1. Using the Cα gyration tensor of segment 65-152, with a ≥ b ≥ c the square roots of its eigenvalues, what is the shape: rounded (a/c below 1.5), prolate (a/b larger than b/c) or oblate (neither)?
2. Taking 1 over the mean of 1/r across every pair of different Cα atoms in segment 77-126, what Kirkwood radius in Å do you get?
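Read the figures in this text as sums done on the coordinates, not as results from a lab. Remember, it's a predicted structure, so these values are computed and weren't measured experimentally.
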Amino acid sequence: MRKSIMILVIGLSWAAFSACTTLSMNADNGDAAASQTTQAQDTGPAYEPYHPADFNEILIPGELNWNREESMTINTDSFAGGILKFSGRVEVNSLTDFFVNTMKKNGWTLKGSVKSDDVLLAFTREGGTCMIKILAGGIAKATSVFVYINRTAG
């Protein structure tokens, strides 16, 4: 009996915490949406896509933050590459569409993809390869994106 009560209390606490988190996130999103709308009217989209340093041939959605501590780049006279990690609250399918479209515009050819809950995209172009791994975030977790790139320096 005591164990059942303990489980019930823990379950109710978890439900209350989840509800508060959801309300807080929705309130924050509402303010952010209002701010984005105002900004869009004044200066354009709130989240402008950007190029990570040293990799101008890759465009990253503005909603993703670059995690420099978990990224690494390599630059030599003949080679440039690295593993770049990004994260943010973005839906996997919209990220997949974004990367497929923008990589093509930047001269990359999609050579293959693997899709389940997570997505792996493989691109090539003259002098380089790039793989993009998109990991679904789940409840209260941000979506993670790993970009594995190598190319001839130049």
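1. Working: a/c = 2.45, a/b = 1.35, b/c = 1.81.
The shape class here is oblate.
2. With all distinct Cα pairs of segment 77-126 included, I get 12.5 Å.
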